[in-house]
Amino acid sequence: MIVDVLPGRTAALEQVSSLELPTKRDEAWRYAPHKALGALTFGPAAAPAAVPADVDAQIPEIEGPRLVIVNGVFDPERSRLDATPSSLRVESLAEATDEAVVGLLQREYDAAEDAFSIINRAYGTGGALVLVDGRVDKTIHVVNVVAPEVPQAATAARVIVEMAEGSAATLVETRIGSGDVGACNIRTEISLAAGASLEHIVLQDLPTTQIHLGRVDVVQAADSCYQTRLFNLGADYGRVAYHVHLAGEGAEADLSGLYFGFGDQTLDQQITVVHAAANCRTSQSYRGVLDDESTGIWNGGVDVRPGADGTDSVQSNDNLVLSRRAEVNTMPRLEILADEVSCQHGATVGELDEEALYYLRSRGIGQAEARRLLINGFADQVMDDLHDDVLRTWIAERLGPDHA
Amino acid sequence: MLHVKNLTASVGEAEILTGLDLEVGAGEVHAIMGPNGSGKSTFAHALAGRDGYEIAGEAILDGVDLLELEPEERAAAGVFMGFQYPVEIPGVNNMYFLRTALNSVRRARGDYEISARDFLAVANEAMELVEMKEGFLNRSVNAGFSGGEKKRNEILQMAVMQPRLAVLDETDSGLDIDALRVVANGVNSLRGPERSMIVITHYQRLLDYIKPDFVHVLVNGRIVESGDHTLALHLEDHGYADFVADDAALSGAPA
Ligand SMILES: Nc1ncnc2c1ncn2[C@@H]1O[C@H](COP(=O)(O)OP(=O)(O)OP(=O)(O)O)[C@@H](O)[C@H]1O
Ligand SMILES: [Mg+2]
């Protein structure tokens, strides 16, 4: 069931009881575990009696303001919100009640809502509010923790980011979890005013007992710049859907990511970039490594609306398949309704290069180590412009089954 | 040192090496020449341990049967092969690769591992030897290297690995005159009583710089003639015609 207009939370709550979950016939949900999704129970956010002991060590120790949400509820003990610069307002969403914020909470999007985004609006009362007006040098870190107290429990949270004209910031979102079967439904809503720029890094490493439903909606005004890096590593079903809407002339969006699956994980990236104004530039560049019986999905769309002349977009998706039982589904989509448009796309699915493996081994490097070098070399190309060593280490430690 | 006896290699129906014999003593440099497709690279790969051939015969280095070993074990036993076509490995840092290679071999031999800092000195020395600019160590292995740069990188690796037996497969092809001199100097400075080399080449020119102790002619998968460096001069003037015809007659194939 798809609902186009969403007036507010009350309405969303009313809809929830009659919601129909997506099915295999919905292209964007084709590879989702429909049975497992149907078994989840969503409800109002509630903090756990105690946060599991293994949570703290999973949080990357990034310097700067940090806001931690556990099961959809703000965790002041783990958060660090003192000493934020005057150009930044970052706080728990549940406590933000002023007029300006209420407007943000009801923002409507060009992209269609789906059952889970309606659930998010209904139950996602908690989360993070990030308002940037100026240049923020310290990285802003929002952490979402999933710690179900009963099996199948699922919680929702929202992250609302508002970048004022000409402002600049870096936001890292970390999604981790502990314990039982469960899920989180996290929606990040980002608006960039003219000339604003945001670097947005998403780290998803839920336990493989859990489900991650992530959705990121971005609206960009003229000459704004959005750069995002997704590291989709954990969860039984790890989904991240991006809807990036370039509404103002000369805006740029640079999306890239890495998914690394093993066991029977399914890692699903659903990307839609809409060029709704002239002379915007976007790129999508995703890499996947699939081992064991894992499945990777990359569904990347570029939608060039009438009048979006001078659009420049490139898309690439490269996959490294390490096992015969692993699977990759790569689907570039293009819809062009404007003139003087340049849209390129390419997708590859390959195995480890046997020649390269032999070359490394002929230099004395053992088989396992040689494989690791090649796999990390492939994955590393997504990390090329990630300069924070804490993040690089955090990610490197989580590549492949060896990290367990 | 290296003892190769009746070595054969085939892929499916195709017999590529057809009974190759070669003896290489410690400290000797042997050149192998031969027409395209005669099996020179296959011989080098057979020594280095590439998968995909059916191999029989003997290849024994310092009493160790190489044919029983995995490629990395052969490297640990002291084999180094300079590839005719070095492989590009995007994303793998050249310096990290070299250090991992050296330390893997050291570990296999029971030596202590070299720290990143100490390794830098080793690498710099090798870089100087092949006159490579520092930037190359920070690039991905061979990725985007020119043909000549790749060949220098092979010699650089040899200098770092300090092998017991180096097999250099057409390390001179694709080099300009200066690079040829650099590579030849690199090879010469690594010559020593404890290190043997097999140099595969098409050009007498290289042998002016690297004076081989022996020259062999490889035709149809076996060595059909051996001599000193004057044999290379003879080949330069007359080509392989004599040997190809002889060999065809010997094996009964139509000339
Ligand atoms: N994997 C393979 N499968 C089938 N044939 C092969 C294979 N590898 C090599 N050959 C064949 O074996 C023969 C010898 O090849 P090799 O590369 O050893 O020649 P070479 O002497 O090094 O030639 P060049 O001077 O051109 O480098 C060639 O005819 C080649 O096509
Ligand atoms: Mg060859």
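A Cβ distance below 8 Å, combined with a sequence gap of six or more or placement on separate chains, defines the contacts here; from segment B:75-87, residues that are facing another protein chain (nearest Cβ under 8 Å) and within 16 Å of ligand 2 (Cβ to nearest atom) reach residues that are aliphatic (A, V, I, L, M) and not in a strand (DSSP E or B) in the pairs B:Met81/B:Ala44; B:Met81/B:Leu47; B:Met81/B:Ala48; B:Val87/A:Ala356.
How about segment B:167-181: which of its residues are away from ligand 2 (no atom under 16 Å from the Cβ) and buried (at least 21 other Cβ atoms within 10 Å of the Cβ)?
Residue satisfying the conditions is B:Leu180 alone.
Would you check if there is a residue in segment B:37-55 being away from chain A (no Cβ under 14 Å) and more than 16 Å from ligand 2 (Cβ to nearest atom)? Yes; the residues of segment B:37-55 include at least one that is away from chain A (no Cβ under 14 Å) and more than 16 Å from ligand 2 (Cβ to nearest atom).
When segment B:1-59 is filtered for residues that are within 13 Å of ligand 1 (Cβ to nearest atom), part of a loop (DSSP other than H, G, I, E, B) and either among the polar types (S, T, N, Q) or under 14 Å from B:Ala166 (Cα atoms) (or both), the ones remaining, listed by number, are B:Asn36, B:Ser38.
Residues in segment A:245-257 that are closer than 30 Å to A:Gln210 by Cβ and surrounded by fewer than 24 Cβ atoms within 10 Å (Cβ to Cβ): A:His245, A:Asp254, A:Ser256.
Determine if segment A:366-385 includes at least one residue that is outside any helix (DSSP H, G or I) and more than 10 Å from chain B (Cβ to nearest Cβ). Taking every residue of segment A:366-385 in turn, at least one turns out to be outside any helix (DSSP H, G or I) and more than 10 Å from chain B (Cβ to nearest Cβ). Taken as a whole, the condition of being assigned by TED's automatic domain parsing to the domain that holds A:Arg107 and farther than 30 Å from A:Leu352 by Cβ applies to A:His243. When A:Leu171, A:Leu129, A:Leu206, A:Leu198 are checked against the criterion of being farther than 24 Å from A:Ile395 by Cα and not basic (Lys, Arg), A:Leu129 stands alone in meeting it.
Conditions (1) within 19 Å of the chain's Cα centre (by Cα); (2) of a type in the set (Lys, Arg); (3) assigned to a loop (DSSP other than H, G, I, E, B), marked per residue:
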{"site": "A:Thr23", "(1), (2), (3)": "no, no, yes"}
{"site": "A:Gly38", "(1), (2), (3)": "no, no, no"}
{"site": "A:Ala47", "(1), (2), (3)": "no, no, yes"}
{"site": "A:Ile62", "(1), (2), (3)": "yes, no, yes"}
{"site": "A:Ile69", "(1), (2), (3)": "yes, no, no"}
{"site": "A:Arg89", "(1), (2), (3)": "no, yes, no"}
{"site": "A:Thr97", "(1), (2), (3)": "no, no, yes"}
{"site": "A:Ala122", "(1), (2), (3)": "no, no, no"}
{"site": "A:Thr125", "(1), (2), (3)": "no, no, yes"}
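Checking each residue in segment B:182-216 for being β-branched (Val, Ile, Thr) and away from ligand 2 (no atom under 16 Å from the Cβ) picks out B:Val182, B:Val183, B:Val187, B:Ile210, B:Val215. The residues on offer are B:Asn185, B:Asn138, B:Asn142, and the sole one that is in contact with a helix residue (DSSP H, G or I) (Cβ under 9 Å, 6 or more places away or on another chain) and either away from every other protein chain (no Cβ under 14 Å) or of a type in the set (Ser, Thr, Tyr) (or both) is B:Asn185.
From the list A:Val328, A:Val321, the lone residue that is more than 30 Å from B:Met81 (Cα to Cα) and either surrounded by fewer than 21 Cβ atoms within 10 Å (Cβ to Cβ) or at pLDDT 95 or above (or both) is A:Val328. Pairs are defined by a Cβ separation below 9 Å, a sequence spacing of at least 6 or placement on different chains, a first member in segment A:339-355 that is within 14 Å of another protein chain (Cβ to nearest Cβ), and a second member that is in a loop (DSSP other than H, G, I, E, B) and surrounded by fewer than 16 Cβ atoms within 10 Å (Cβ to Cβ); the pairs so defined are A:Glu354/B:Asp51; A:Glu354/B:Gly52; A:Glu355/B:Tyr85. Restricting attention to segment A:253-265, the residues that are touching an Asp or Glu at 6+ places or on another chain (Cβ under 7 Å) and either part of a strand (DSSP E or B) or among the polar types (S, T, N, Q) (or both) add up to 2.
Kindly check whether there is at least one residue in segment A:310-329 that is assigned to a loop (DSSP other than H, G, I, E, B) and in contact with a Cys (Cβ under 9 Å, 6 or more places away or on another chain). Scanning segment A:310-329, I find at least one residue that is assigned to a loop (DSSP other than H, G, I, E, B) and in contact with a Cys (Cβ under 9 Å, 6 or more places away or on another chain), so the answer is yes. The residue that is nearest to the other protein chains (Cβ to nearest Cβ), counting only those in segment B:88-117 that are part of a loop (DSSP other than H, G, I, E, B) and over 21 Å from B:Arg195 (Cα atoms), is B:Glu88. Scanning segment A:297-317 turns up no residue that is touching a helix residue (DSSP H, G or I) at 6+ places or on another chain (Cβ under 6 Å), buried (at least 19 other Cβ atoms within 10 Å of the Cβ) and over 30 Å from A:Glu249 (Cα atoms).
Consider segment A:134-185 and keep the residues that are over 30 Å from A:Thr41 (Cα atoms), touching a Gly at 6+ places or on another chain (Cβ under 9 Å) and among the acidic types (Asp, Glu). The one that is surrounded by the most Cβ atoms within 10 Å (Cβ to Cβ) is A:Glu165. Residues in segment B:145-166 that are within 11 Å of chain A (Cβ to nearest Cβ) and surrounded by fewer than 19 Cβ atoms within 10 Å (Cβ to Cβ): there are none.
Comparison of A:Leu290, A:Leu258 shows that the only residue that is of a type in the set (A, V, I, L, M, F, W, C), in contact with a Leu (Cβ under 8 Å, 6 or more places away or on another chain) and farther than 26 Å from A:Ala169 by Cα is A:Leu290.
Checking every residue in segment B:59-66 against the condition of being within 16 Å of ligand 2 (Cβ to nearest atom), of a type outside the set (Ser, Thr, Tyr) and closer than 25 Å to B:Lys211 by Cβ gives zero matches.
When B:Glu68 is tested against the conditions (1) free of Cβ contacts under 8 Å to residues at least 24 places away in the same chain; (2) more than 14 Å from ligand 1 (Cβ to nearest atom); (3) touching a helix residue (DSSP H, G or I) at 6+ places or on another chain (Cβ under 9 Å), the lone failure is (3).
With respect to the conditions (1) away from every other protein chain (no Cβ under 14 Å); (2) away from ligand 2 (no atom under 16 Å from the Cβ); (3) at pLDDT 95 or above, B:Glu13 falls short on a single one, namely (3).
Scanning segment B:198-216 for residues that are in contact with a helix residue (DSSP H, G or I) (Cβ under 7 Å, 6 or more places away or on another chain), outside any helix (DSSP H, G or I) and away from ligand 1 (no atom under 16 Å from the Cβ) returns a single hit, B:Ile210.
Number of residues in segment B:217-247 that are within 28 Å of B:Leu61 (Cα to Cα), within 16 Å of ligand 2 (Cβ to nearest atom) and in a loop (DSSP other than H, G, I, E, B): the value is 2.
The values are calculated or read from the model by the stated rules, or taken from the named source; none is laboratory data. Just so it is clear, the structure is predicted and the values come from calculations on it, not from any experiment. Methodologically, a virtual Cβ is constructed for each residue, glycine included, from the backbone with ideal geometry; neighbour enumeration extends over all protein chains shown.
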